[in-house]
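The values are calculated or read from the model by the stated rules, or taken from the named source; none is laboratory data. What you see is a predicted model, and the numbers here were worked out from it, not measured in a lab. Virtual Cβ from ideal backbone geometry, glycine too; neighbours counted across all protein chains shown. When the accessible area is computed, the model is the full protein with side chains, heavy atoms only, and any ligands, DNA or RNA have been set aside. Shrake-Rupley method; radii C 1.70, N 1.55, O 1.52, S 1.80 Å.
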Amino acid sequence: PKSETQASEFIEHHPEWDGRNIKVAIFDTGVDPGAAGLQITSDGKSKMIDVVDCTGSGDVDTSEVVELKENETTVKGLSGRQLKLGNRSCPSGKYHLGLKRAFELFPRPLLKRIKQERKDSFMEKQQEAIAASQAALREWDKNHKSPNDKEKKERKDLEQLVDGLKEAMEQYSDPGPVFDCVVFFDGDKWRALIDFEESGDLSGVKAVTNFREEREFVTISSVKGVREHSVLLNVCVSIFQDGDLLSIVCEAGSHGTHVAGIVAANFPDDPKLNGIAPGAQIVSCKIGDTRLGSMETGTSLIRALKVAKDNGCQLINLSYGESYVHDKSGRVPELINEFVNKHGIIFVCSAGNNGPALSTVGAPACMSSSFISVGAFVSPGMMEVEYSLRESLSSTNYTWSSRGPSPDGHLGVTICAPGGAIAPVPTWTLQGKQLMNGTSMSSPNCCGGLALILSALLSSS
């Protein structure tokens with residue numbers, strides 16, 4: 001929603017003040033660099049500046065090194081597969097090897113879909129094998145009315161085959177795909193090859209480097225046991241410690257892409273779908289740990305703050321939080337305060353969805369007056385478009401939007417913004433956009449509005 005805050009009217013009167021020259025860090029589940037509307041800004045720049053996994057959930061130990069002789073192009077991966085590397089520029093001849101299980105990497109909704117499809121595929125083939133073996137056993141009985149001892153042993157083998165196939169079906173367990181990883185230095189940059197097809201043939205695979213340097217990602221179209229184009233997970237990489245650590249970066253959920261789309265999606269062919277500030281650029285800081293079901297950690301938040309500062313972000317949006325149970329001390333709120341007050345980064349966060357009772361505002365929203373804490377309201381237009389409400393009602397806060405004050409008497413909620421939006425979601429969801437509701441949506445709406453104001457101030461100065 002843009003009309004409620006007059007964002008669309010602002011851009012109509014000042015088209016060049018649409019978030020240009022503003023960088024927004026999204027602290028969330030990660031942002032899909034291949035999602036609709038998140039490719040370029042309104043003035044033709046790359047929308048995504050950097051994509052970083054601050055949680056470590058995509059880390060791969062690539063400290064094992066093998067050295068190939070001149071003209072050698074094959075190496076044995078840690079999976080045991082022979083990996084064909086093709087002609088690569090690697091002056092040292094040293095290649096770092098690693099291994100990553102897909103089920104440790106993929107977001108849970110996608111993982112659930114892949115597991116079910118692989119299971120269905122296995123069960124179908126297993127049923128066919130059981131039916132064929134049972135048919136063979138019946139045919140054997142038909143042709144052997146009075147079997148001798150040798151023939152009885154043949155029948156026993158057929159019975160055991162049927163029983164074995166049934167037992168394998170009952171004890172089904174899927175460890176999932178396993179990807180070989182190869183990291184090498186091409187004389188200029190560290191690059192990575194990942195065998196997402198589990199074929200061992202990497203000769204035609206593009207070697208990618210840190211997203212920040214070349215803005216490239218790889219699309220996992222499919223994995224073994226599922227239909228083609230049924231995965232569509234976009235991943236990029238970061239390489240650390242002189243090639244000893246590879247970070248495979250993908251989302252822990254669809255939430256972060258949706259949030260980024262509200263802030264700054266840009267659809268050149270259909271501007272009605274734009275986010276609040278289509279000229280702004282995005283830095284994706286994944287703080288939701290895939291291993292923890294997308295829950296954030298203190299370590300991931302501290303890393304994300306550093307990434308935001310290193311990339312020169314003026315704004316941070318955090319659509320995360322939980323109930324407030326402790327005092328306001330702690331390393332994370334201290335650092336956020338420092339980044340706001342010392343480095344001038346504006347920190348915007350969701351107030352929480354635990355309303356309507358008083359003092360339901362969550363952390364970190366209630367932890368400092370230097371944070372802009374955003375509640376959620378709904379307008380008549382949103383009621384009609386997003387919820388098909390036939391009766392016209394006046395604007396109001398969503399009932400579930402958390403309220404202040406904070407336990408120490410501070411206001412708690414700074415401002416309210418539209419708390420529902422239809423915005424882009426990752427390609428692996430197999431849909432282009434989705435309606436989501438929450439203060440998670442009101443926070444990026446407010447953050448996008450601030451990007452417009454900052455863009456105007458920078459342009460004017």
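Per-residue answers, yes or no, for (1) open to solvent by 60 Å² or more (accessible area, probe 1.4 Å); (2) of a type in the set (D, E, K, R):
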| residue | (1), (2) |
| --- | --- |
| SER3 | yes, no |
| GLN6 | yes, no |
| GLU12 | yes, yes |
| ASP18 | no, yes |
| ASP28 | no, yes |
| GLY58 | no, no |
| GLU67 | yes, yes |
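Just give me the residues in segment 117-149 being assigned to a helix (DSSP H, G or I), among the polar types (S, T, N, Q) and exposed (fewer than 12 other Cβ atoms within 10 Å of the Cβ), in sequence order. Can you show your working first?
Here is the first cut: in segment 117-149, the residues assigned to a helix (DSSP H, G or I) are 117-143, 149.
With among the polar types (S, T, N, Q) added as a condition, the list becomes 121, 126-127, 133-134, 143.
Across segment 117-149, the qualifying residue is only ASN143.
Any residue in segment 32-52 that's over 26 Å from ARG303 (Cα atoms) and open to solvent by less than 50 Å² (accessible area, probe 1.4 Å): show its pairings with residues that are in a strand (DSSP E or B) and among the aromatic types (Phe, Trp, Tyr) at Cβ separation under 6 Å, as long as the two are six or more apart or on different chains.
Pairs found: none.
Return yes or no: is LEU83 within 30 Å of the chain's Cα centre (by Cα) and either surrounded by fewer than 19 Cβ atoms within 10 Å (Cβ to Cβ) or under 29 Å from LYS309 (Cβ atoms) (or both)? Working first, answer last.
Working: within 30 Å of the chain's Cα centre (by Cα): yes; either surrounded by fewer than 19 Cβ atoms within 10 Å (Cβ to Cβ) or under 29 Å from LYS309 (Cβ atoms) (or both): no.
Spelling it out, it is not the case that LEU83 is within 30 Å of the chain's Cα centre (by Cα) and either surrounded by fewer than 19 Cβ atoms within 10 Å (Cβ to Cβ) or under 29 Å from LYS309 (Cβ atoms) (or both).
Write out, first by first residue and then by second, each pair whose Cβ atoms fall under 6 Å of each other, whose residues are 6+ apart or on separate chains, and whose first residue, in segment 436-453, is small (Gly, Ala, Ser) while the second is part of a helix (DSSP H, G or I).
From segment 436-453, the pairs are GLY448/VAL263; GLY449/ALA7.
Are there any strands (runs of 3 or more DSSP E) wholly within segment 318-426 with 2 or more residues that are without any contact (Cβ under 8 Å) to a residue 60 or more places away in the chain and either β-branched (Val, Ile, Thr) or open to solvent by 30 Å² or more (accessible area, probe 1.4 Å) (or both), and if so which?
On the way: elements: 346-350, 372-378, 415-418, 420-424.
Filter on segment 318-426 gives 415-418.
Please specify each residue of segment 59-82 satisfying the condition of being in contact with a Ser or Thr (Cβ under 9 Å, 6 or more places away or on another chain) and closer than 19 Å to ASP244 by Cα. Show your work before the answer.
Start the filter on segment 59-82 by keeping residues that are in contact with a Ser or Thr (Cβ under 9 Å, 6 or more places away or on another chain), which leaves 59-60, 67-68, 73, 81-82.
Across segment 59-82, the qualifying residues are ASP59, VAL60, GLU67, LEU68.
Output the residues belonging to segment 186-235 that are part of a loop (DSSP other than H, G, I, E, B), hydroxyl-bearing (Ser, Thr, Tyr) and open to solvent by 30 Å² or more (accessible area, probe 1.4 Å).
SER199, SER203
Counting just the residues of segment 150-185 that are within 33 Å of the chain's Cα centre (by Cα) and open to solvent by 80 Å² or more (accessible area, probe 1.4 Å), which one comes out nearest to VAL231 (Cα to Cα)?
Looking at residues that are within 33 Å of the chain's Cα centre (by Cα) and open to solvent by 80 Å² or more (accessible area, probe 1.4 Å), I get PRO175.
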